[in-house]
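Enquirer: Once you've had a glance at the structure underneath, I'll fire off some questions.
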Amino acid sequence: MERSACLLFQCNDKVGIIAELVSFFKAHQVSISRFEEYTDQQYFFARLEWHGDHPWGSVAEFDDVFKTITGQFEGARHRTYFFDQPQRLGLFASKEPHTLIEAINRTEAGDYPNTEICFLISNSPAMEKYAVRHGIPFHFIKTFKDPARHEEQQLEMIRQYQPDVIGLARYMKILSADFIATAKCPIVNIHHSFLPSFIGAKPYELAYQRGVKLIGATSHYVIPALDQGPIIEQGVIRVQPGDSVEHMKRIGREVEKQVFAQALGKVLQHKTITYDNKTIVFN
């Protein structure tokens, strides 16, 4: 696999940031293949990609050298990724398989760089057949009203497999704050409505009752506040006169699986920066 990498950088905005970043790579004889930048309320964000050989043997080595740049700017933070390093995606699912299948298919198609699905955890035994079909380690963990009764088993799987990202493929259980903190990796959820409208277990019924003209889905990072995490991706589809609740659910599933898969892609391609409970998403 060709060596390639990306840098996500953020700091307080000031004159000369782009020049310093470009000069750093020029000094190390590395050609930038993509450079995107964005400024929001006096805060600067950038994403850089480079391809081919480069002088850094590891992310840690790059980070050590790059300290000469971060030290120049107030509030500077950065993350570096080498795409030739494998990534591990862990998936949680309940009874509905559509978002799970889409995530598996995109992984196998190579849409996510150098990524393998390291486990599927479900509170429904029916999901095992999808894991077996694709050679994914499957773990059935029954869930209870008290999350402490099942989350420790789930966290043990996370400690064992060490995923870089967790995707909740219509996993219909609320994660506790302790779980989120202990997992120590980004968790991406798909919500079956266009947030913030129609929050709850029956969004399509609520949408039908209100006579909505558009329905959609929202994928966001998971934080302890329910459905309040930084939004990564959203999508909508138009409702036609006479559409039933069941038809709305069918077309809603199409939006859900596309939005979830696209959000996972953005995260696994390292195209997001979270800031002030918002997500900066690069192209």
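The values are calculated or read from the model by the stated rules, or taken from the named source; none is laboratory data. Since the structure is predicted, the reported quantities are computational estimates derived from the model, not experimental observations. When we count neighbours, we look across all protein chains shown, and the Cβ atoms used for this are built from the backbone with ideal geometry, even at glycine.
Each row is one residue, and each column tells you yes or no for (1) out of contact with any Phe, Trp or Tyr (no Cβ under 7 Å at 6 or more places or on another chain); (2) surrounded by fewer than 21 Cβ atoms within 10 Å (Cβ to Cβ); (3) modelled with pLDDT of 95 or more.
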residue: Leu120; (1), (2), (3): no, no, yes
residue: Glu128; (1), (2), (3): no, yes, yes
residue: Gln162; (1), (2), (3): yes, yes, yes
residue: Ala207; (1), (2), (3): no, no, no
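Enquirer: Quick one: would you say Glu96 is in a loop (DSSP other than H, G, I, E, B), assigned by TED's automatic domain parsing to the domain that holds Met172 and under 23 Å from the mean Cα position of the chain (by Cα)?
Expert: Numbers: in a loop (DSSP other than H, G, I, E, B): yes; assigned by TED's automatic domain parsing to the domain that holds Met172: yes; under 23 Å from the mean Cα position of the chain (by Cα): yes.
Spelling it out, Glu96 is indeed in a loop (DSSP other than H, G, I, E, B), assigned by TED's automatic domain parsing to the domain that holds Met172 and under 23 Å from the mean Cα position of the chain (by Cα).
Enquirer: Next question, about the same structure. Does Asn277 fit the bill of being touching a residue at least 12 places away in the same chain (Cβ under 8 Å) and surrounded by fewer than 19 Cβ atoms within 10 Å (Cβ to Cβ)? Outline the logic, then answer.
Expert: On the way: touching a residue at least 12 places away in the same chain (Cβ under 8 Å): yes; surrounded by fewer than 19 Cβ atoms within 10 Å (Cβ to Cβ): yes.
Yes.
Enquirer: Here's something else I'd like to know. Give the residues of segment 210-228 that are buried (at least 19 other Cβ atoms within 10 Å of the Cβ) and either within 15 Å of Thr99 (Cβ to Cβ) or at pLDDT below 90 (or both), sorted by residue number.
Expert: First pass over segment 210-228, keeping only residues buried (at least 19 other Cβ atoms within 10 Å of the Cβ): 212, 215-222.
If the condition is that a residue be buried (at least 19 other Cβ atoms within 10 Å of the Cβ) and either within 15 Å of Thr99 (Cβ to Cβ) or at pLDDT below 90 (or both), then Val212, Ile215, Gly216, Ala217, Thr218, Ser219, His220, Val222 are the ones that fit.
Enquirer: On the given criteria, is Phe35 at pLDDT 95 or above, outside any strand (DSSP E or B) and more than 30 Å from Ile136 (Cα to Cα)? Can you show your working first?
Expert: On the way: at pLDDT 95 or above: yes; outside any strand (DSSP E or B): no; more than 30 Å from Ile136 (Cα to Cα): yes.
No; evaluated as a whole, the condition is false for this residue.
Enquirer: Moving on. How about segment 32-43: which of its residues are within 13 Å of Asp276 (Cα to Cα) and either charged (D, E, K, R) or not assigned by TED's automatic domain parsing to the domain that holds Arg77 (or both)?
Expert: Asp40
Enquirer: Looking at segment 108-160, which of the residues that are among the polar types (S, T, N, Q) and assigned to a helix (DSSP H, G or I) is nearest to Ile174 (Cα to Cα)?
Expert: Within segment 108-160, the subset among the polar types (S, T, N, Q) is 114-115, 122-124, 143, 153-154, 160.
Now restrict to residues that are assigned to a helix (DSSP H, G or I): 153-154, 160.
Working: Gln153: 15, Gln154: 13, Gln160: 22 Å.
Per the stated criteria, the residue is Gln154.
Enquirer: If you scan segment 66-115, which residues turn out to be over 30 Å from Val255 (Cα atoms) and free of Cβ contacts under 8 Å to residues at least 24 places away in the same chain? Talk me through it step by step, then tell me what you get.
Expert: Step one: of segment 66-115, the residues over 30 Å from Val255 (Cα atoms) are 66-80, 82, 84-85.
Across segment 66-115, the qualifying residues are Lys67, Gly71.
Quick grid of which residues meet (1) assigned to a loop (DSSP other than H, G, I, E, B); (2) surrounded by 16 or more Cβ atoms within 10 Å (Cβ to Cβ):
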site	(1), (2)
Val22	no, no
Phe25	no, yes
Val30	yes, yes
Arg47	no, yes
Asp53	yes, no
Phe62	no, yes
Val65	no, no
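Enquirer: Here is a check on your reading of the model: is Ala46 within 21 Å of the chain's Cα centre (by Cα), among the small types (Gly, Ala, Ser) and not assigned by TED's automatic domain parsing to the domain that holds Lys173?
Expert: Considered against the rule, which asks whether it is within 21 Å of the chain's Cα centre (by Cα), among the small types (Gly, Ala, Ser) and not assigned by TED's automatic domain parsing to the domain that holds Lys173, Ala46 comes out as yes.
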